[in-house]
Structure formats: C-alpha cells, structure tokens
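**Q** Could you have a look at this structure, given as structure tokens, before my questions?
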Amino acid sequence: MRRSVPRRWLVWTLAPVLVLLISLWGTWRVSDSRTFQFYGGLTDRVDTGDKVVALTFDDGPTERTPEVLKALAEAQVKATFFVTGQELAVYPEHGKAIVRAGHELGNHSYSHQRMVLVGGDFVRTEVERTDALIRAAGHTGEIHFRPPNGKKLLSLPRYLAAHQRQTIMWDVEPESDGTDAADPAAITRSVLEKTRPGSIVLLHVMYPVRQPSLAAVPELVAGLKERGYRFVTVSELLALRR
C-alpha cells in the first residue's frame with residue numbers, strides 16, 4: 001500500500017522553490033525596466049510641453065556609419081549615437097566623423113555584455129575604456145550611458161550614481177514593440193503614433209540586418225517635423241528638464 005506524502009512536507013519543499021522563482025522573476029523585471037533602477041538617475045523621456053524628440057542609435061560605429069550620417073545630413077537633424085568601445089576602437093575615424101557632423105556620442109559599454117550580474121570592477125572597466133575612446137573621437141560634453149540591451153541591476157546604476165551620470169533609456173522602440181521590423185513603413189507609423197513631447201526614440205541602424213530601420217529614418221523624420229517636432233540630442237533634451 002502506497003503511503004501518501006504529507007501535505008505539510010510538500011509545502012515546506014515547494015515553498016523555497018516558489019520563492020526563488022518569484023525572486024528571479026522580480027530581478028529580471030527590475031533589470032529590464034525602462035523606468036526604474038535602484039540607484040541614481042534614469043531617463044526614458046523628459047516631461048516637457050515642447051515638441052522635441054531625441055533620435056538615438058545603438059551600437060557601432062561600423063562600416064555603415066557614413067550611410068547613416070548621410071541620411072541624417074539629408075534630413076537635417078542631429079542624433080545621439082550610443083557606441084560600443086570595441087567597435088569604436090576598430091572604426092575611430094567614424095567616431096570622429098559623427099562628432100564633426102554635430103551629433104552626440106554616448107557610451108554603450110565596451111563589449112556589449114549584459115551588465116546585470118557583474119561586479120564593480122567590470123562595470124568601471126567597461127565604462128571608462130569606452131569613455132576614453134569617445135574623448136579621443138573629439139566629444140567634449142557630458143558622456144551619457146545606455147546599458148547594453150537596456151539591462152542593469154545593482155553594480156552599473158551604483159557606479160553611474162557615484163559619478164553623477166544618467167542612465168539613458170527610451171520610450172519609443174519600434175523594433176521591439178510588436179511592429180514588423182522588416183517594414184520601413186511600419187517602423188515609421190509606430191514612431192509617429194508613439195512619440196510624445198520629450199520622447200527618446202531608439203533605433204538600430206548599424207548592421208545590414210537593420211536596413212529597414214535605416215530606410216525608415218527619412219520618412220519618420222519628415223513625419224515628425226510635419227507634426228511640429230524638433231530634433232535634439234540627449235544632452236539638449238535633458239537640459240530642457242533642468
């Protein structure tokens with residue numbers, strides 16, 4: 001005859017597992033949040049009545065940088081490029097070209113590793129190596145930081161807070177909001193529908209797979225301008241809040 005397992009034993013056995021799963025889920029949600037972190041300042045958009053928007057690009061620079069700069073020049077807008085140190089080290093001339101064209105450089109880490117379960121030394125190295133390369137490219141203003149994949153938990157926000165630096169996130173990202181990222185027209189529609197005064201738009205345009213995003217830039221810029229929006233860098237956007 002089989003002996004039944006006491007319910008109390010099951011509760012005590014499963015409870016720690018349940019607590020662990022809930023803790024892991026909560027940790028993931030916090031690390032992935034666009035609007036919250038445990039330390040320092042985080043900006044996903046600026047609360048302003050002015051019809052301004054910051055267009056931002058993550059990753060690179062790559063061999064496609066001249067094409068991106070050409071599109072921005074033809075659209076007559078400025079943008080903020082959150083670059084990785086390892087790619088900037090390969091294409092330093094493209095970093096300098098971004099600065100010469102009047103755009104802003106931001107820090108997107110050196111290696112583009114998720115900065116969640118990492119130590120302080122790792123964070124410092126990732127940030128400061130890239131800062132040095134950004135300075136060498138000619139950037140003279142404040143260097144803002146955007147976490148790779150938007151991931152952050154404890155060490156990264158703590159480091160940035162200690163150095164009075166902002167974590168820059170975004171509130172408009174057509175490539176991951178359910179929009180067909182292979183369709184430039186769909187990307188444009190998403191940006192036009194979701195942009196508000198003070199929005200930060202995120203696009204990835206530095207790799208061939210993201211050609212639709214780059215192709216959408218002229219139309220989304222034109223559409224936002226028709227709606228009365230003015231394009232600013234992240235630093236200019238933050239200055240409006242201050």
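**Q** What Kirkwood Rh does region 52-108 have if only Cα atoms enter the pairwise 1/r average? Answer in Å.
**A** It works out to 11.1 Å.
**Q** Ok, one more. With N set to the number of residues, divide the alpha-carbon radius of gyration of region 70-140 by 2.2 N^0.38 Å and report two decimals.
**A** Normalised by 2.2 N^0.38 Å, the Cα Rg of region 70-140 equals 1.19.
**Q** How charged is the neighbourhood of GLY178? Take every other residue with its Cβ under 13 Å from the Cβ of GLY178, and add Lys/Arg as +1 and Asp/Glu as -1.
**A** Values: positive: ARG189, LYS194; negative: GLU173, GLU175, ASP177, ASP180, ASP183, GLU193.
So the environment of GLY178 carries a net charge of -4.
**Q** How would LYS194, LYS152 line up by accessible area, probe 1.4 Å, largest first? Don't skip to the answer; put the middle values down first.
**A** Numbers: LYS194 85, LYS152 0 Å².
Ranked list, largest accessible area first: LYS194, LYS152.
**Q** Same structure, new question: Among residues other than LEU220 whose Cβ falls under 13 Å from its Cβ, what is the net charge (Lys/Arg +1, Asp/Glu -1)? Can you show the working numbers first?
**A** Numbers: positive: ARG189, LYS194, LYS225, ARG227; negative: GLU173, GLU175, ASP183, GLU193, GLU219, GLU226.
Net charge in that neighbourhood comes out at -2.
**Q** Give the accessible surface of region 104-242 per residue, rounded to a whole number of Å², with probe radius 1.4 Å and ligands, DNA and RNA excluded.
**A** Averaged over the residues of region 104-242, the accessible area is 42 Å².
**Q** Now for a different question. Once you put a point 7 Å from the Cα of GLU128 and another 7 Å from the Cα of GLN211, both along the Cβ direction, what distance in nm separates them?
**A** Between GLU128 and GLN211, the label points sit 4.3 nm apart.
**Q** When every alpha-carbon pair in region 135-207 is counted, what percent end up more than 20 Å apart?
**A** On the way: 1260 of 2628 pairs.
Distances greater than 20 Å cover 48 percent of the Cα pairs.
**Q** Further, regarding this structure: Would you mind putting 135-145, 61-71 in packing order, based on average other-beta-carbon counts within 10 Å, highest first? Spell out each step's value before the answer.
**A** On the way: 135-145: 16.2, 61-71: 18.1.
Ranking, from highest mean packing down: 61-71, 135-145.
**Q** For the chain: lysine pairs with Cα atoms under 25 Å, gap of 8 or more or different chains, count?
**A** 13
**Q** Follow-up question, since we're still on this one. With just the Cα atoms of the chain, tell me how far they stretch along each of the three principal axes, in Å, largest first.
**A** Extents along the principal axes, in whole Å: 81, 39, 37.
**Q** Please state the charge dipole magnitude for region 61-183, taken about the Cα centre, from unit charges on C-beta atoms (+1 on K and R, -1 on D and E), reported in debye and rounded to the nearest 20.
**A** 580
**Q** Which cross-chain or sequence-distant (5 or more) residues have an amide H under 5 Å from the amide H of ASP44, H modelled 1.01 Å from N in plane?
**A** MET169
**Q** Also, quick follow-up: Rolling a 1.4 angstrom probe over the protein heavy atoms, how many square angstrom per residue are accessible across region 31-95?
**A** For region 31-95, the per-residue accessible area is 41 Å².
The values are calculated or read from the model by the stated rules, or taken from the named source; none is laboratory data. Small disclaimer: the values here were computed from a predicted structure and weren't measured. Cβ coordinates were reconstructed from backbone atoms using ideal geometry, including for glycine residues, and neighbour counts include every protein chain displayed. Quick note on the areas: whole protein, heavy atoms, side chains included, nothing else; ligands and nucleic acids left out. Shrake-Rupley method; radii C 1.70, N 1.55, O 1.52, S 1.80 Å.
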